[in-house]
Amino acid sequence: MPLLEIENLHASIGDKPILKDINLTINPSEIHAIMGPNGSGKSTLSYVLAGRDGYEVTNGDIRLDGVSVMEMEADERARAGLFLAFQYPVELPGVGGMSFLRGAVNARRIEAGLDEIDHIAFVKTVREAANKLGIKDDMLKRAVNVGFSGGEKKRYEILQMALLEPKMAILDETDSGLDVDALRIVSEGVNALKTDDIGVLVITHYQRLLDYIIPDHVHILADGKIVKSGDKTLALEVEKSGYGEFTNAA
Amino acid sequence: MPHDVVSFERLAADAASRYADNGWPGSKDEAWRFTNINAIRKTTFLPADTAITGSSSSENNFIHFINGIHQPVDNISFNDGVLCQKLSENAALSSALAAAIPQGHHVADFALAHASDGLAITIDQVVDNPLQLIFDYSGDGISSHAVVVFKLLPGAELTILEEHKGGGAGLSAPVMLFCLEEGAKLHHARRLIESDQRYHLGLNLVQQKSKSVYSGDMVMAGGDITRSETQVSLMEADAQSYLNAVYLGRDAQMRDVTSRIDHDAPDCQSFQRIHGVLDNQSKAVFQGKVKVKRYAQKTDGNQMSRTLILSRDAEANTKPELEIYADDVTCSHGATIGELDSDQLFYLMSRGIGCDEARQMLIEAFLVDVVDALDDPKREWLIEPIEHWIKTRVS
Ligand SMILES: Nc1ncnc2c1ncn2[C@@H]1O[C@H](COP(=O)(O)OP(=O)(O)OP(=O)(O)O)[C@@H](O)[C@H]1O
Ligand SMILES: [Mg+2]
């Protein structure tokens, strides 16, 4: 069964149509990349998938594991296994990192009928996972994303992804602002998901990321439509000649 | 500043005649413009029975008031730097109170007119254990008017944990004066957690000599109409005053945090942080006046008020007032009124955290911020009613 199915998806912000008939199917273990010019609707697609308020789906359906998520709130979708790494992670002053991570993990565990995670064991798990991503201990003690550098915020997104073990991960420009080492670490993390039957949708502007994460499919989004799909060579093509040809087509 | 000797009896009699003339403030009274006290004005309160007194324990460092009445002080002996007397037997402090009462102050006049006596507490050293002032209220239609004057002698230090709790449709009108001599330090933590039908109109007067530090931290979570007014006089150089407050309102409750800081001497600092959360049709006002005299150069006066509105029907009013006559000062004020941030809410929910829990987390973060830097046990003690309010009310 496909992991994520997006069918005839139309979405607006206010009266303004942003997504115009998106169709996309992602199977377990597949990595899909979406590329496209600024303002083409990539982040909007990620928000609509994650269930953010303020976006009106005017037509179409989104199914996760064969189940429509259209009636689910953002938190239900997350607990059902959807994860979004934000293009711009949000600062939460006063919300301690550890209690945030624990709250998120416990919400999923409770949904799955498991006990809340043991405090001490969890701290250890987080430290280990953070260590692998080059996240320092003192960052874990701070309020969520407050005072983090751009790259640190991105790593913190990936830490959350690692702890939440989603079925379907959407990464919105996680590569922007990452140094080469971080890019490699993050990519290793994403590639590891592939072996676990997880579906991945990476939104990126740069072919560079796709050197590390080899996509099975590449889609070009222009003006709210997928105007071309292909394999990884499509990314190289875009890198060389830009989006001109696609935006004209759109 | 020497003042005339005024006995407690005189003080009470003068207040009674002023109260008889002036009564309660009207809606035209500027200091009460946003605070509707019709419900209080319409009620005839019976002063609390002086025969029912609270108990006190020097060992456990607490003084217990029942409807504002404490145990006869002959029975309280605090050894470690805390001396308690009847206010009627300490002419110096009753005189100090007489001089400190702001002119035409309705609440002070009401309280003093009805108080049977007060407490005079003198602190002459660094007291390690917090002194607890526990105010328990009960009974419908009863008014309580505790009058307490603290004097901290030079270099003395004290932590007060003051709590107002209990039920009954009554009125609490505590009046307190804190005189801080040179270098004295007072930590004054307060929880106002009376039950829903009660009215609370409190007045705190703070007088600070040089290098003294007053730190007031208040959580206002209870009562139907609750007003806390604090007036600080920075009388000598290098004194510092911190006023932190958290208020929580719901249903048709009224919350009023009023302050006035007089910078009467150079090189003094005052910092005020007020964070409030309002739900349902509740209303709140923060009115803060900072007055800097001409010779109070190098004054640092800051005031920041932030209100989180959880419902469209809730209403927050802020009225900052800066009156500055000195030219070399740093004064600032700011006020924000807003809703929960939808980006923050979505971020939490996108991690699987339910909407109610996400809202609770954000509200708690917003409020706890005000008291987060405090040491325990004060910090825990103040956070407890905040958490309780959030857990029982936010959904
Ligand atoms: N809240 C909003 N109100 C109105 N228009 C919006 C809003 N958010 C996004 N848009 C518009 O929707 C379109 C798509 O924006 P989106 O953020 O999805 O683009 P993107 O492809 O992610 O761009 P980028 O590459 O710059 O991240 C843009 O034209 C943008 O201006
Ligand atoms: Mg984007």
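The values are calculated or read from the model by the stated rules, or taken from the named source; none is laboratory data. All values derive from a computational prediction rather than experimental measurement. A quick note on method: Cβ atoms are made from the backbone with ideal geometry, for glycine too, and the neighbour counts reach across all protein chains shown. To get the accessible areas, we keep the full protein, side chains included, count just its heavy atoms, and leave off ligands, DNA and RNA. Shrake-Rupley method; radii C 1.70, N 1.55, O 1.52, S 1.80 Å.
Assorted remarks:
- Check on B:H200, assigned to a strand (DSSP E or B) and surrounded by fewer than 23 Cβ atoms within 10 Å (Cβ to Cβ): no
- For B:I274, the criteria (1) part of a strand (DSSP E or B); (2) touching a Lys or Arg at 6+ places or on another chain (Cβ under 9 Å); (3) open to solvent by 40 Å² or more (accessible area, probe 1.4 Å) hold in every case but one, which is (3).
- Scanning the stretch A:40-76 for residues that are in contact with a helix residue (DSSP H, G or I) (Cβ under 7 Å, 6 or more places away or on another chain) and more than 24 Å from A:L221 (Cα to Cα) returns A:E73, A:D75.
- Search result, residues across the stretch B:357-392 that are closer than 17 Å to B:S305 by Cα, buried (at least 17 other Cβ atoms within 10 Å of the Cβ) and either at pLDDT 95 or above or at the interface with another protein chain (Cβ under 9 Å from one of its Cβ atoms) (or both): B:I363, B:E364, B:A365, B:F366, B:L367, B:V368, B:D369
- Residue within the stretch A:168-181 that is assigned to a helix (DSSP H, G or I) and either closer than 25 Å to A:T25 by Cα or more than 16 Å from ligand 2 (Cβ to nearest atom) (or both) present: yes
- Exactly one residue out of A:F100, A:F86 is away from ligand 2 (no atom under 16 Å from the Cβ) and either open to solvent by less than 70 Å² (accessible area, probe 1.4 Å) or closer than 27 Å to A:V186 by Cβ (or both), and it is A:F100.
- Within the stretch A:51-68, the set of residues being of a type in the set (G, A, S), away from ligand 1 (no atom under 16 Å from the Cβ) and assigned to a loop (DSSP other than H, G, I, E, B) comprises just one member, A:G66.
- Once the stretch B:22-50 is narrowed to residues that are part of a loop (DSSP other than H, G, I, E, B) and in contact with a helix residue (DSSP H, G or I) (Cβ under 6 Å, 6 or more places away or on another chain), the residue that is surrounded by the fewest Cβ atoms within 10 Å (Cβ to Cβ) is B:W24.
- Set side by side, the residues A:V180, A:V186, A:V200 differ, and just one is farther than 20 Å from A:V48 by Cα, open to solvent by less than 20 Å² (accessible area, probe 1.4 Å) and of a type in the set (V, I, T), which is A:V186.
- Residue match in the stretch B:335-345 (condition: more than 30 Å from A:G96 (Cβ to Cβ) and out of contact with any strand residue (DSSP E or B) (no Cβ under 7 Å at 6 or more places or on another chain)): no
- A single entry from A:L19, A:L45, A:L24 fulfils the requirement of being among the aliphatic types (A, V, I, L, M) and closer than 15 Å to A:L171 by Cα: A:L45.
- From the list B:G104, B:G168, B:G155, the one residue that fits, being open to solvent by 40 Å² or more (accessible area, probe 1.4 Å) and on the phi > 0 side of the Ramachandran plot, is B:G104.
- Tally of residues being in contact with a Gly (Cβ under 9 Å, 6 or more places away or on another chain) and either surrounded by fewer than 18 Cβ atoms within 10 Å (Cβ to Cβ) or more than 7 Å from chain A (Cβ to nearest Cβ) (or both) across the stretch B:340-356: 2
- Selection count, the stretch A:1-50, where residues are in a strand (DSSP E or B), open to solvent by 40 Å² or more (accessible area, probe 1.4 Å), within 13 Å of ligand 1 (Cβ to nearest atom) and not aliphatic (A, V, I, L, M): 3
- Residues satisfying the stated conditions in the stretch B:278-296, i.e. outside any strand (DSSP E or B), touching a Lys or Arg at 6+ places or on another chain (Cβ under 9 Å) and more than 16 Å from B:A245 (Cβ to Cβ): B:D279, B:N280, B:Q281
- A:E71 meets all of the listed conditions (1) within 14 Å of chain B (Cβ to nearest Cβ); (2) assigned to a loop (DSSP other than H, G, I, E, B); (3) open to solvent by 40 Å² or more (accessible area, probe 1.4 Å) but one, namely (1).
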